[in-house]
Amino acid sequence: MVFSASAYEMADKRLWELLAKQYDRQITEEELRELQLLLQERQDTMPYGELLSELRTLAFRPSAEDMSARNNSLSSIMHQVRGTAGPAEEEEHIARRAGRSRMFAGMAVVLVVAVAAGIVFRKTGKTSGAGAEPYDRIVTKTGSKTLINLPDSSTVVLNSACQFAYNKDFGVRKREMKLTGEAYFDIHSNPDMPLVVHAGNVIIRVLGTAFNVRANAEDSFVEATLVRGVIEVSLRSDPERKILLRPNEKIVIRNREMMAAPVTDSAKARNHDEVIRVTQVEADPKDSSYIETAWLKEKLVFRKESFALLARRMERWYQVHIVFTDTSQQSLLFTGSFEKETVGEALEALRHSAPFDYDINGKTIMITRSK
Amino acid sequence: MTKDAAYILFERLSLGEDEEALAGLHHLYFYRLYKLACSIVGEKEAAEEIVNDVFLRIWQRRPLLKAVVNPDLYLLKCARNRSLEFLRSQRSAVRVAEDELHDFPVQWEVSPEQLLISSEMVRYINKVIDQLAPKCKLIFLLVKESNLKYKEVAELLNISVKTVEAQMSIALKKIGLAVPLTFLQH
């Protein structure tokens, strides 16, 4: 018995050695035959070889900390590179913080990541007018994401084409932010100084929490999804009416200022009276991620979304301009996600599930009725 | 796939001051270089600076990039060298000894084309990988993420191919044994 146990161990060790060689694709024919023999001798039915080759397709998943390290790193590199390579492409006021590096002592780190911009930022909506109050403003370009570390150790990740501002003495006297666009907030808890986010006609009061806000000027609504903690949502026009949002809840508020806009999310267009709606959101059981925050991981995810809305998001995502020649296409509904697809592949995939034609001409894409 | 993209970006950089190409390379390589640096120096902040330094040097030497045969290995070696320099500046005379590698967290997720591995299994696999010895974990990460051959990993870490093979067989065995367990639960 002792002998057979150790023989089994030896065979087992050899099996995994050979599987490791196979994984490197450096296995010789002779070794491959040996491997097949060993696999046959084993009494279990596990498809080891297939399983291991599937391991190759596992994708690396960066943690939030990894992502913030990457964003910091990219900002810092781009800032230094621009310092040596000509005029900076930064826009408006840019937040700076002191260098914390040992290797590059004294260097300032720019937090605005401005990677190549395809089209000029489309400013379609007006930002809430707070007049003379001193705010630090940050504008992100199309196709870039920006991580902002705030003095109170809160972080905000801005999706592309955002306008974001926070009061200059942030965390000293008060914590106020303004947002047009989409952002993910991870707010440091401070019961003495609640944080207030103004997004379109919506006011969100926060104690300490993580949540996602989508308030694009060209969209007809403001959307907030709560991941952690509690937020209190109210309307600028009706500040007395307060709605408490709990984790896994999403609130969608029609943006009154934009009501006249021709493009509306078709699902909501059917309910004209519904101004505020709270729904439950579900984290993906696979990786406990939310569809609403998928953009943090560089994915464009959409579920039963109108083509009109999806096109707006694709414009920001792919830095293109999408034009509908026929409004009937705008109400098509799509579900899916894009990650590494090019805009052409994405459109091709959409076309497989609904009838339309498209024509790509440089950065402009025309959507037409299918012939 | 990544390799082709890297070639193109290297070529673009060698042709001029192409910031977009630099950002593209950063996008492709940051996590790998960062994890490698983390495991050598054992400090996240220092690792981040090391990676920044790698990209800045790449930028400064961009006319030379056209001659690079294997961008993956080139960048990883740069990160390794910077990391060792950093350690040397911290204390005197450091060698790349495997047992000096530090632990670092790493997680994986399923991609849509996976047929056999469910998200339940991935959770299990992540647990198993996280418990691997730092050296084993780093080797697995380098092989998985960079499409490096064992030979190249050995060169990078200054260890023998046999060692890489042995470490990979340990990693694969632990993963392979964990997976059936989760299978049986279904």
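The values are calculated or read from the model by the stated rules, or taken from the named source; none is laboratory data. The model shown is predicted, which means the values in this text are computed figures rather than measured ones. As a convention, Cβ positions derive from the backbone with ideal geometry for all residues, glycine included, and neighbour counts pool all protein chains shown.
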Legend entry - When residues of the stretch B:62-72 are limited to those that are surrounded by fewer than 18 Cβ atoms within 10 Å (Cβ to Cβ) and part of a helix (DSSP H, G or I), the one farthest from the chain's Cα centre (by Cα): B:63
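When you check residue A:189 against the structure, is it crowded, with 17+ Cβ neighbours inside 10 Å, at negative phi and at pLDDT below 80, yes or no? Give the derivation first.
On the way: crowded, with 17+ Cβ neighbours inside 10 Å: no; at negative phi: yes; at pLDDT below 80: yes.
For residue A:189, the condition - crowded, with 17+ Cβ neighbours inside 10 Å, at negative phi and at pLDDT below 80 - is not met.
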Inset, instruction - Among residues belonging to the stretch A:16-36 that are of a type in the set (Asp, Glu) and surrounded by 12 or more Cβ atoms within 10 Å (Cβ to Cβ), point out the one that is nearest to the chain's Cα centre (by Cα). - result: A:24
Inset, instruction - Please find, within the stretch A:53-90, the residue that is surrounded by the fewest Cβ atoms within 10 Å (Cβ to Cβ) out of those that are more than 7 Å from chain B (Cβ to nearest Cβ) and modelled with pLDDT under 75. - result: A:87
Inset, instruction - Answer yes if at least one residue in the stretch B:10-29 is closer than 16 Å to residue B:76 by Cα, in contact (Cβ under 8 Å) with a residue 60 or more places away in the chain and either within 8 Å of another protein chain (Cβ to nearest Cβ) or touching a Leu at 6+ places or on another chain (Cβ under 8 Å) (or both), and no otherwise. - result: yes
Legend entry - Conditions (1) of a type in the set (S, T, N, Q); (2) farther than 17 Å from residue A:72 by Cβ; (3) free of Cβ contacts under 8 Å to residues at least 60 places away in the same chain: number failed by residue B:70: (3)
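Matching residues to (1) touching a residue at least 24 places away in the same chain (Cβ under 8 Å); (2) of a type in the set (A, V, I, L, M, F, W, C); (3) farther than 17 Å from residue A:248 by Cβ; (4) surrounded by fewer than 19 Cβ atoms within 10 Å (Cβ to Cβ):
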site: A:181; (1), (2), (3), (4): yes, no, yes, no
site: A:197; (1), (2), (3), (4): no, yes, yes, no
site: A:202; (1), (2), (3), (4): yes, yes, yes, no
site: A:217; (1), (2), (3), (4): yes, yes, yes, no
site: A:223; (1), (2), (3), (4): yes, no, no, no
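Looking at the structure I just gave you, is residue A:350 surrounded by 14 or more Cβ atoms within 10 Å (Cβ to Cβ) and more than 20 Å from the chain's Cα centre (by Cα)? Show your work before the answer.
On the way: surrounded by 14 or more Cβ atoms within 10 Å (Cβ to Cβ): yes; more than 20 Å from the chain's Cα centre (by Cα): yes.
Yes, satisfied.
For the stretch A:228-240, which residues satisfy the criterion of being at pLDDT below 80 and over 12 Å from residue A:200 (Cβ atoms)? Walk me through it before giving the result.
Of the residues in the stretch A:228-240, the ones at pLDDT below 80 are A:228-230, A:237-240.
A:228, A:229, A:230, A:238, A:239, A:240 - these are the residues of the stretch A:228-240 that are at pLDDT below 80 and over 12 Å from residue A:200 (Cβ atoms).
Tell me which helices (runs of 4 or more DSSP H) are completely within the stretch B:85-186 and hold 1 or more residues being more than 14 Å from the chain's Cα centre (by Cα) and either at pLDDT 85 or above or within 9 Å of chain A (Cβ to nearest Cβ) (or both), or say none if there are none.
Working: elements: B:119-130, B:134-146, B:150-157, B:161-184.
Result: B:119-130, B:150-157, B:161-184.
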Legend entry - Residues (crowded, with 22+ Cβ neighbours inside 10 Å and at the interface with chain A (Cβ under 8 Å from one of its Cβ atoms)) located in the stretch B:33-45: B:34
Inset, instruction - Please work out which one of (1) among the hydroxyl-bearing types (Ser, Thr, Tyr); (2) free of Cβ contacts under 8 Å to residues at least 60 places away in the same chain; (3) exposed (fewer than 14 other Cβ atoms within 10 Å of the Cβ) is the condition residue A:327 fails and give its number. - result: (2)
Inset, instruction - Answer yes or no as to whether residue A:347 is touching a residue at least 60 places away in the same chain (Cβ under 8 Å) and assigned to a helix (DSSP H, G or I). - result: no
